[in-house]
Amino acid sequence: MVTDNKAILERLIKLNDSAVVGIDLTGSENKASGWAVIQNGDVSTRKIFKNDELIEETVKMNPGIIAIDSPLSLPRGRISVYDDDPGRQIYGITRACEREMLKKGIRSYPPLIQSMQKLTLRGINLAGEFRILGYQVIESFPGGVQDILGLPRKQKDIKQLVTGLAEMGLKGAFSKARISHDEIDAISAALGGLFFVAGEYEAVGDHEEGCVILPNVKHR
């Protein structure tokens, strides 16, 4: 698996020399989000609190793609993230992408359970700001990226996850220093962005409702 992942990363880097930014967003500006950039296999990460700073640091990199770990759309028919939405009982709290990922064995949280509502709203708004600035934004899911590449999720074994990312060939201080869970997932989100730019991805879900971008490694 490690050998395959290393070859995959080498190919992705050859297909893309622009920066890719990954953001593991939190539901509040009072809690740090993970931010990572990958360019030519080199990784840099930060913990960032405010939306303005997330935008500022990302724009500095002029990325080819911005991959955000947050729901970036509402379930079809919903008009609000909150439970007082009149369509809640009819349209529910999940999207087609969550249901399709579950069929693939990839577990995720519904975007409109109470603990996710503020995150979903923040993600939608932040993605909108980036798009106004002319950047392409995708919804990435680090847990899905890790599952597909045979890496453990951070909740299971963060040390082995860091090791697995380094063994792929990613370079940077993340592999030698203590790093936050959010920064690790930001790296994984950016990896999802690399697959997207290379055209080796699967858009899971309904294109009108919103898709999650996952690696496509079937060609292995």
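See the values below:
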| item | result |
| --- | --- |
| Charge-dipole axis of segment 2-215 as Lys and Arg at +1 and Asp and Glu at -1 on Cβ define it, positive-most pick from P110, V21, G164 | G164 |
| Relative contact order for the chain, counting Cα pairs under 8 Å that sit 6 or more residues apart, in percent | 30 |
| Exposure proxy ranking, count of Cβ atoms within 10 Å, fewest first, for H207, H181 | H207, H181 |
| Segment 27-60-segment 175-220 distance, computed between alpha-carbon centres (Å) | 16 |
| Nearest-ten-degree value, helix 2-15 long axis tilted from longest Cα axis of the chain | 80 |
| Rounded tilt (10° steps) of 181-197 against the dominant C-alpha axis of the chain | 80 |
| Angle in degrees between helix 51-61 and the longest Cα principal axis of the chain, rounded to the nearest 10 | 40 |
| Exposed chymotrypsin sites (Phe, Trp or Tyr not before Pro) absent: longest stretch of the chain, with sites in DSSP loops and at most 15 other Cβ within 10 Å deemed exposed | 83-220 |
| Charged-residue dipole, Cβ positions (Lys, Arg, Asp, Glu), segment 37-179 about Cα centre, Debye nearest 20 | 400 |
| Cβ-based exposure ranking for L112, L72, in which fewest neighbours within 10 Å come first | L72, L112 |
| Virtual spin-label span in nm between H181 and K104, 7 Å along Cα→Cβ | 2.3 |
| Which label in (1) 19.7; (2) 17.3; (3) 18.5 gives the computed Kirkwood radius over Cα pairs in Å | (2) |
| Spin-label pair D4/N51, simplified geometry with 7 Å Cα→Cβ offset, distance in nm | 4.1 |
| Using a Förster distance of 41 Å, the FRET efficiency for N40-S80 (Cβ separation, nearest 0.05) | 0.45 |
| FRET efficiency, 1/(1 + (r/R0)^6) with R0 22 Å, evaluated for L15 and K156 via beta carbons | 0.15 |
| Listed pairs K14/K156; K104/K156; K6/K171; K60/K171; K14/K218 exceeding 23 Å between Cα atoms | K14/K156 |
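Readers should treat all values here as calculations from the given coordinates under stated rules, not as data from a laboratory. Given the structure is predicted, the values throughout are model-derived calculations rather than measurements. Don't worry about glycine lacking a Cβ; one is built from the backbone with ideal geometry, like all the others, and counts go over all protein chains shown.
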